[in-house]
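One structure is given below, encoded as structure tokens.
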Amino acid sequence: MESDTSSQSFPRLAVGGQLLIAGKVAVMPHEALSFEDHSALLGSAAPYFNSLHHIKKHLAQCEIYGRGGAAFPLSRKLSAYEPYKGKLVVVANGSESEYLSGKDAALLSRHPHLVLDGLSILSSALGAKSAYIHVKSSKASMVGTVERALEERGSFDPVTLELSFSDSEVGYPGGVETAVISSISGMGGKPIYIPSRPILRGIKRRPTMISNVETLAQLALLTRFGGAWFSAVGGGNEAGTRLMTVVSPTGISNVIEVVAGTSFSEVFDALSIYRESVNCGLLGGYFGQLLDPDKLWSLHSGVHTMKKAGLSLGAGVVALSQRCPLVETAQILKYLANETSGQCGPCYMGLPELASLWWELSTARVTQKLIDRIMRVGEQIRGRGGCAMPDGAVMLSAASLTNFRQELLNHQSSGCSLTNGGSHLIPTNITTGRN
Amino acid sequence: MARISKVFINPIACNGHGMCAELLPELIELDDWGFPVIKRKEVPASLLEIARRAERVCPTLALMIREAP
């Protein structure tokens, strides 16, 4: 089953080039790879329909960390669902509600069958009752691609793969696990409250395993080519590659594939992004934090090294900015306050206040009273939403207070020294200003 | 494992009427916006009856007293 590709040399970085099948494809297809071409590229599909036992053996050789944002080890997730074998619903989550992220859409529009293979492998190994590929209805061309891909597969998969859409009206929280459950169950697609262990009472009240589409694509490659091939790139206990969305300080978004553990300075060099043009960068999307450029340029992208530094790459987003980090924090919080589903008090009351306080902090004078209030509001929001979005906002706020002490002092004495044009870190239809 | 009664609040259903904090100040307080914060999850036997009453009168049925390990 192991192919001989492990000896091939891999590019360290693939900028707009290869996606996920480093060393197998010469160029990234401009349009979706058909099932026929996909099968020709990867060889006969038969050997990679594995039992759960085989998948776990592969994962013991090289772990896959969840690519939806939480970086949870797939082997542990599988162990948690194993007792429910035969009763499960499995979902490939491609809703990618993180505005800055483009990797899931890039993957699905070019290699839909790689994701569907992963979904198929997982659902047959777990004996799933149903399997869904869940995408955002607003991304019409991607939906069309996935629809076509499912048609091409016909009755190839042991478990029928179904397409489902999220409601485009639901904003940022639309990608939350309980929101996906709600959407597929026809309950509107907002996060729902399922007391204690929602995973066990999900779609059709069955245990529901939701995995990011990139995680499943990686699983398809790992089971197809084996651990040796998979770990031919990367280092330490982290193997393979990962997709990242890098937004340049001028707002150009690039989806790239990087070898696990690649340093960010290498990534930025490859994209011709220079340290001098950057004043801060958002690492890990809206669940991450803003960092100063010195810190960003010294970081490595490995899950473990990041974790040690108290950081996370989230869904693989790094977005750079020329603007003042305090202004950016205020902008992002304003955006998140707008994205609330309006369901939980601490979120729809707390986030607008937090955003408003940050707006004052970034544009008027910095006072201790203001900082104290920001911290107090944060403490009251934390852990009290039906989903984790408000927690993400609070963490971002707290991190900016810690990471930009010097800027706070500068603002206190002489205000903001930077000219702040439009932000690239939030959608452009969000207007600046107080709520 | 002994099962004891605990307070749960469904944050999505809760509209911040605040009756729970009124009836159970020992366990629940209100935040700056009038929404309940659970100070103590476990319901002592002496408060069980009044906790059940609070559960019944919650206008949105967001407050729940459940036996949990």
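Read the figures in this text as sums done on the coordinates, not as results from a lab. The model shown is predicted, which means the values in this text are computed figures rather than measured ones. So basically every Cβ, Gly included, is an ideal-geometry build from the backbone, and we count neighbours across all protein chains shown.
Structure summary
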| quantity | calculated |
| --- | --- |
| Under Karplus coefficients 6.51, -1.76 and 1.60, residue-wise ³J(HN,Hα) of the range A:357-369 in Hz, glycine/proline x | 5, 5, 4, 5, 4, 7, 10, 9, 7, 7, 10, 4, 4 |
| Paramagnetic reach from B:GLU67 (point 7 Å along Cα→Cβ, amide N under 12 Å) across the range B:1-43 | B:1-6 |
| Relative frequency of Cα-Cα separations exceeding 14 Å in chain B, percent | 52 percent |
| Where Rh is the Kirkwood radius over Cα pairs, Rg/Rh for the range A:114-252 | 1.00 |
| For A:SER341, A:SER414, order by how many other beta-carbon atoms lie within 10 Å, fewest first | A:SER414, A:SER341 |
| Whole-Å semi-axes of the ellipsoid equivalent to the range A:269-388 (Cα gyration tensor, √5λ, descending) | 27, 18, 13 |
| All-pairs alpha carbon distance profile, the range A:76-190, 10 Å steps from 0, percent | 14, 45, 35, 6 |
| Per DSSP, loop chymotrypsin sites (Phe, Trp or Tyr not before Pro) in the range A:230-333 with at most 14 further Cβ within 10 Å | A:TYR274 |
| Likely footprinting exposure, A:LEU408, A:LEU296, A:LEU333, fewest C-beta neighbours within 10 Å first | A:LEU408, A:LEU296, A:LEU333 |
| Ratio Rg/Rh [Cα only; Rh per Kirkwood] for the range A:95-138 | 1.03 |
| 222 nm mean residue ellipticity, helices alone, for chain A (DSSP H n ≥ 4; -39,500 (n - 2.57); rounded to 500) | -12500 deg cm²/dmol |
| FRET efficiency, A:GLU276 to B:GLU26 (Cβ-Cβ, R0 41 Å, nearest 0.05) | 0.10 |
| Loop-located GluC sites (Glu not before Pro) in the range A:140-184, at most 13 other Cβ atoms within 10 Å (DSSP) | A:GLU169 |
| Phi-based couplings in Hz for the range A:412-418 (Karplus 6.51, -1.76, 1.60; Gly and Pro marked x) | 4, 8, 9, x, 7, 9, 9 |
| Normalised per residue, the volume of the convex hull around the Cα set of the range A:366-409 (Å³) | 54 Å³ |
| Karplus-derived 3J(HN,Hα), 6.51/-1.76/1.60, for each residue of the range A:325-341, Hz, glycine and proline x | x, 6, 5, 4, 4, 4, 5, 5, 5, 5, 4, 5, 4, 6, 7, 4, 7 |
| Candidate lysines - alpha carbon under 26 Å from A:LYS307, same-chain residues fewer than 8 apart omitted | A:LYS56, A:LYS57, A:LYS77, A:LYS103, A:LYS295 |
| Against the rule of thumb 2.2 N^0.38 Å, how large the Cα Rg of the protein assembly as shown comes out | 1.02 |
| Sequence-separation-based contact order of chain A, relative, with Cα cut under 8 Å and 6+ spacing, percent | 17 percent |
| Average projection area in nm² (convex hull over Cα atoms of the range A:69-132, one quarter of hull surface) | 4.7 nm² |
| Coordinate range along principal axes, alpha carbons of the range A:263-325, Å, largest first | 28, 23, 18 |
| Estimated distance in nm for a label pair at A:GLU147 and A:ALA228, the labels positioned 7 Å out from Cα along Cα-to-Cβ | 4.4 nm |
| Order of A:ASP294, A:ASP37 under a 10 Å beta carbon neighbour criterion, fewest first | A:ASP294, A:ASP37 |
| Amide hydrogen neighbours beyond the local backbone of B:ILE28, cut-off 5 Å, H modeled | B:LYS39 |
| Sites A:ARG205 and A:ALA398 - FRET efficiency at Förster radius 45 Å, r taken between beta-carbons, to 0.05 | 0.75 |
